[in-house]
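Have a look at the structure below, then the notes.
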Ligand SMILES: [Cu+2]
């Protein structure tokens with residue numbers, strides 16, 4: 001702690017542009033002091049919990065893994081019975097979540113490929129305009145689960161600001177066949 005008290009008053013001026021024209025001797029000393037100060041700061045911040053992602057430490061012998069924050073978990077089931085010749089469905093486990101991270105896990109229990117695009121829009125989810133290609137515009141998309149074959153499951157974690165969203169399968173004709181669901185973050 002004595003070292004910190006001695007170092008910090010000298011380190012602080014490194015960010016001061018006025019020092020650039022100062023005496024060479026002093027300027028060459030500063031990086032060394034800055035490195036020492038950073039090393040001390042790193043030790044002092046080892047309990048910082050603001051870092052994200054998965055971290056492993058060997059401190060307790062076997063290692064401790066902190067899982068990445070995936071936010072609210074939302075299950076989406078997409079299905080069909082005979083492709084575009086039969087009914088299609090998109091069922092969401094919850095239609096709301098707190099703003100922030102949301103993890104969608106989409107299971108395709110149908111017979112053909114499906115996908116899920118997350119579109120931020122104030123237009124009601126079932127009133128998006130279907131274009132000549134039998135798809136809706138993906139303007140406002142903040143992410144998606146790409147085409148997923150029958151029987152498979154995929155996930156995506158998105159950062160969702162507060163607002164209204166439409167979840168849509170935008171493979172041709174699927175939106176008009178009810179592969180759509182509302183979602184709101186608050
Ligand atoms: Cu689909």
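Just so you know, all these numbers are worked out from the coordinates, no wet-lab data involved. Quick caveat: nothing in here was measured; it's all calculated off a predicted structure. Cβ placement follows ideal geometry from the backbone for every residue including glycine, while neighbour counts extend to all protein chains displayed.
Points worth noting:
- Residue 94 versus residue 123: modelled label distance in nm, points set 7 Å from Cα along the beta carbon direction: 2.9 nm
- Prolate/oblate/rounded label for the stretch 72-185 (Cα gyration tensor, a/c 1.5): oblate
- Subtracting the Cα-Cα distance of residue 70 and residue 176 from 0.36 nm times their residue separation leaves 35.1 nm of extension gain.
- Take every Cα pair under 8 Å whose residues are at least 6 apart in sequence, average their separation, divide by the length of the stretch 72-185, and the relative contact order is 34 percent.
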